[in-house]
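Asker: This is the structure I have questions about; it appears just below.
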Amino acid sequence: MTRYRPGDTITATLDDTTGTTITTQVTLRRVDQLGCGCRRLAADRPGPDQGPRTCRHVHLLTGCARHPAEVTP
């Protein structure tokens with residue numbers, strides 16, 4: 001199993017509200033172990049901050065028996 005730590009950089013494929021998909025590098029802010037067995041990786045979308053109404057947070061799951069993997073080690 002891949003070990004993820006805050007500060008690690010991973011490649012993620014992200015969708016935005018306009019329907020655009022990009023593959024980019026994101027830096028992990030937090031890694032949480034979930035009760036189901038997978039980990040939730042928290043990062044921020046790249047790009048400029050566009051004010052308080054714009055959420056740039058991204059949560060990706062590493063996958064388990066109940067959740068599909070959203071990252072590839």
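Asker: Specify which labelled value, from [x] 19.4, 62; [y] 16.3, 51; [z] 12.8, 38, agrees with Rg and Dmax of the Cα atoms in Å derived from the coordinates of the model shown.
Answerer: Recomputing Rg and Dmax of the Cα atoms in Å here gives the entry labelled [z].
Asker: Got the relative contact order for the chain handy, in percent, Cα pairs under 8 Å and 6 or more residues apart? Numbers along the way, then the final one.
Answerer: Working: 121 pairs, mean separation 16.2, N = 73.
Relative CO of the chain lands at 22 percent.
Asker: Please list 3J(HN,Hα) in residue order for the range 61-71, calculated via the Karplus relation 6.51 cos²θ - 1.76 cosθ + 1.60 where θ = phi - 60°; whole Hz, with x for glycine and proline.
Answerer: 3J(HN,Hα) across the range 61-71, in whole Hz: 9, 7, x, 7, 5, 9, 10, x, 6, 10, 10.
Asker: When Lys and Arg each count +1 and Asp and Glu each count -1, what net charge do the other residues less than 9 Å away from ASP44, Cβ to Cβ, add up to? Intermediate values should be presented prior to the final figure.
Answerer: Numbers: positive: ARG29, ARG45, ARG56; negative: none.
Summing Lys and Arg as +1 and Asp and Glu as -1 gives +3.
Asker: Another question, then. When the accessible area of the chain is computed with all protein chains present and a 1.4 Å probe, what percentage of it is carbon and sulfur? Mind showing how you got there, number by number?
Answerer: Numbers: 2520 of 5200 Å².
Reported share for carbon and sulfur atoms: 48 percent.
Asker: Additional query: How large is ³J(HN,Hα) for each residue in the range 23-40, as worked out from phi by the Karplus curve 6.51 cos²θ - 1.76 cosθ + 1.60 (θ = phi - 60°), to whole Hz, x for Gly and Pro?
Answerer: These are the phi-based 3J(HN,Hα) values: 10, 8, 8, 10, 9, 6, 8, 8, 10, 10, 7, 8, x, 7, x, 8, 10, 9 Hz.
Asker: So, for the chain, what is the accessible surface per residue at a probe of 1.4 Å, expressed in square angstrom?
Answerer: On the way: 5200 Å² over 73 residues.
Per residue, the chain has 71 Å² of solvent-accessible surface.
Asker: Sort the following peptides by mean Cβ neighbour count (other Cβ atoms within 10 Å, averaged over residues), highest first: 18-29, 35-46.
Answerer: Working: 18-29: 11.0, 35-46: 15.8.
Descending mean neighbour count gives 35-46, 18-29.
Asker: For the pair ALA42 and THR18, what calculated FRET efficiency results from E = 1/(1 + (r/R0)^6), where r is the Cβ-Cβ distance and R0 = 22 Å, to the nearest 0.05?
Answerer: Details: r = 23 Å, r/R0 = 1.03.
Here the calculated transfer efficiency is 0.45.
The values are calculated or read from the model by the stated rules, or taken from the named source; none is laboratory data. The shown structure was predicted, so the numbers you read here are calculated from the model rather than taken from an experiment. Methodologically, a virtual Cβ is constructed for each residue, glycine included, from the backbone with ideal geometry; neighbour enumeration extends over all protein chains shown. Remember, those area values only see protein heavy atoms, side chains included, never the ligands or the DNA or RNA. Shrake-Rupley method; radii C 1.70, N 1.55, O 1.52, S 1.80 Å.
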